[in-house]
1. How far, in nm, would the chain grow between VAL6 and ASN162 when pulled straight, counting 0.36 nm per residue and subtracting the alpha carbon separation?
2. Taking H placed 1.01 Å from N in the peptide plane, check which residues at least 5 places from GLN255 or on another chain put their amide H under 5 Å from its amide H.
3. Could you calculate the contour length gain from GLU91 to SER194, that is, 0.36 nm times the residue separation minus the distance between their Cα atoms, to one decimal place in nm?
4. Suppose only helical runs count, i.e. DSSP H with n ≥ 4. What mean residue ellipticity at 222 nm does that imply for the chain under -39500 (n - 2.57) per run, divided by all residues and rounded to the nearest 500 deg cm²/dmol?
5. For the chain, with every protein chain kept in place, what is the accessible area per residue (1.4 Å probe, Å²)?
6. Taking region 74-118 as the region of interest, what is the percent of Cα-Cα pairs per 5 angstrom bin, listed from the shortest bin to the one with the maximum distance?
7. Give me the percent of accessible area attributable to carbon and sulfur for region 59-162, probe 1.4 angstrom.
8. Compute the whole-percent fraction of alpha carbon pairs in region 97-231 spaced more than 23 Å apart.
Amino acid sequence: MALKQVSSNKCFEGFQKVFEHDSAELKCKMKFGIYLPPKAETGKCPVLYWLSGLTCTEQNFITKAGFHQAAAEHGLIVVAPDTSPRGCNIEGEDESWDFGTGAGFYVDATEDPWKTNYRMYSYIKDELPKLINANFPTDPERMSIFGHSMGGHGALILALKNPGKYKSVSAFAPICNPMQCQWGKKALGGYLGSDVSKWEAYDATQLVKSYPDSHLDILIDQGKDDQFLSAGQLLPDNFIAACTEQKIPVVFRLQQGYDHSYFFIATFINDHIKHHAKYLNA
């Protein structure tokens, strides 16, 4: 699988790079950001995957989150993929910001016309890690995942659907219960069809109810002044209640005065990197 380097910038003695490749899973060209810490020059490093939210590309996190210093210090490779296939010429793919382009929702679509390309779940779970492990100095046994909003939803479902695959998981303002919110109903209905029982496979609040053990340490930060929290799009209380019932440890921090933006993410990113480093470097 050929990788084409798009950019490379030295950052905290490591390198922030962007690559492009042809995705077999999504049947289009895809870009991802990858930060290689200084430690990657001499040895294998664990990998932390970041999943972005609605409308984002691979650029948002790598330019706005300010994660590089902590990743360099802890010796973590950080991979930030795009949020959907691009340029697939599907009718309606660019019509709305919360469905189609920039809004893959980390599911494998089963409905026409989306099912051929919109397979972000399998791309993040299988294709991307294989690509990263084949081309960079990684330790394939040590990986973790985190994300924001739609990407927080993605991180939670990937961890919950694949016990033991990720050492740790965290999220900023995740869409915790997509079956019950407008964003989720639109995306899951469009990609998976009208049979609501099929949606449960991509809903963290549903998935946690059947999670086989409690060996998953979940960290969630949520801004108290997040407009999407008050609009009922995120529904963290439903997820926390389900975790409590299953005795799955979740640290949920409601952060006074913070909104849904990257200013919020940048404020608490070091805590999240540290959370993952504790498990990845154990």
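The values are calculated or read from the model by the stated rules, or taken from the named source; none is laboratory data. These numbers come from a predicted model, not from an experiment. Each accessible area value is taken on the protein alone, full model and side chains, heavy atoms only, with ligands, DNA and RNA left out. Shrake-Rupley method; radii C 1.70, N 1.55, O 1.52, S 1.80 Å.
1. 53.0 nm
2. The list, which skips near neighbours in sequence, is GLN222, GLY223, LYS224.
3. The GLU91-SER194 span can extend by a further 35.1 nm.
4. On the way: 9 runs with 82 residues, N = 282.
Helix-only estimate at 222 nm: -8000 deg cm²/dmol.
5. With the other protein chains kept in place, the chain gives 40 Å² per residue.
6. 5, 21, 29, 20, 7, 6, 5, 4, 2
7. 43
8. 34
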